[in-house]
Ligand SMILES: Nc1ncnc2c1ncn2[C@@H]1O[C@H](COP(=O)(O)OP(=O)(O)OP(=O)(O)O)[C@@H](O)[C@H]1O
């Protein structure tokens, strides 16, 4: 297996007595679009700042491209593009002029400006003043700035924050394109799974500073499968009865629970119960939200 692009080892940040991030072992492989998920205050921005060497860890360390960020920060960051928190621009300058300032500071050729503006779909608006840009356009300009210097790794902290559904879609499409066409490794943070689930290949979930899940999107979906919950008479007997017919129910309190199933199977399930002289009082289909997945992952699930 090739060396990961990002790897953290027991990464920890403590402010006073509080741990903002604790023992984080993040692993982002080459070509991954890594969705870094967690509710507000979970520790995403603190982690990202440590990845970029902007915040010093209390314990642990960060390796990017196999090198320690504290030791080789300048060299590493030459190949990393980042958008952290809301970027600031000069509103009285055009999108093009804002990027030109950055290329001058970084000593990059001017031709890159046209390239990145084209990639983020802002070529036609390059000459407009940034103060007239929509929030989505400003975010795309932020990504364009991050793309200057042709980075191998792109780190985006909540790039869809505050955007309307159309803006979210634009960013999503852009990220997909960057990964597919430019082969870039991307880490993108969000507090909403729904905003990034169509884009990412791998998911890391941070909850109260700790990484509670880190696997493929496929594996997360497996866990996030909907459940079917039935309220029946004599639930324990009903469970045994169903098992004798090959079903595999879980019993939670007085309800029996199943993974989602086809309509045909639901009909068959109810028929089996009724034929066994059990009464079915109610049925709920539960589609877990991200919050539910968190709860399941932290083993406080009720069904
Ligand atoms: N400089 C700081 N001093 C003290 N506490 C801090 C500091 N920076 C962050 N924190 C705390 O660390 C915790 C994690 O914050 P962080 O901004 O990393 O979360 P987040 O997941 O990015 O959330 P959000 O989506 O709201 O930005 C929070 O409780 C926050 O108050």
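The values are calculated or read from the model by the stated rules, or taken from the named source; none is laboratory data. Values in this document were obtained by computation on a predicted structure and should not be read as measured data. All Cβ positions, glycine included, derive from the backbone under ideal geometry; neighbour counts span all protein chains shown.
Observations on the structure shown:
- Of the residues contained in the stretch 62-75, one or more are found to be within 21 Å of residue 182 (Cβ to Cβ), touching a residue at least 40 places away in the same chain (Cβ under 8 Å) and touching a helix residue (DSSP H, G or I) at 6+ places or on another chain (Cβ under 9 Å).
- Filter pass, residue 189 being touching a helix residue (DSSP H, G or I) at 6+ places or on another chain (Cβ under 7 Å) and in the same structural domain as residue 10 (by TED's automatic domain parsing): yes
- In the stretch 201-252, the residues that are within 16 Å of the ligand (Cβ to nearest atom) and assigned to a loop (DSSP other than H, G, I, E, B): 208, 209
- Residues in the stretch 192-216 that are crowded, with 20+ Cβ neighbours inside 10 Å and within 23 Å of residue 12 (Cβ to Cβ): 7 in all.
- Subset of the stretch 261-290 (residues that are surrounded by 12 or more Cβ atoms within 10 Å (Cβ to Cβ) and either outside any helix (DSSP H, G or I) or in contact with a helix residue (DSSP H, G or I) (Cβ under 7 Å, 6 or more places away or on another chain) (or both)): 261, 272, 273, 276, 278, 280, 283, 284, 286, 288, 289, 290
- Top-ranked residue in the stretch 1-17 [being within 13 Å of the ligand (Cβ to nearest atom) and on the phi < 0 side of the Ramachandran plot; ranked as surrounded by the most Cβ atoms within 10 Å (Cβ to Cβ)]: 11
- Of the helices (runs of 4 or more DSSP H) lying entirely inside the stretch 72-191, the ones with 3 or more residues being surrounded by fewer than 17 Cβ atoms within 10 Å (Cβ to Cβ) and out of contact with any strand residue (DSSP E or B) (no Cβ under 9 Å at 6 or more places or on another chain) are found at 95-106, 111-119, 165-182.
- Scan the stretch 18-53 for residues that are in a loop (DSSP other than H, G, I, E, B) and within 11 Å of the ligand (Cβ to nearest atom) and the total you get is 6.
- Any chance residue 56 is surrounded by fewer than 16 Cβ atoms within 10 Å (Cβ to Cβ), outside any helix (DSSP H, G or I) and out of contact with any strand residue (DSSP E or B) (no Cβ under 6 Å at 6 or more places or on another chain): yes
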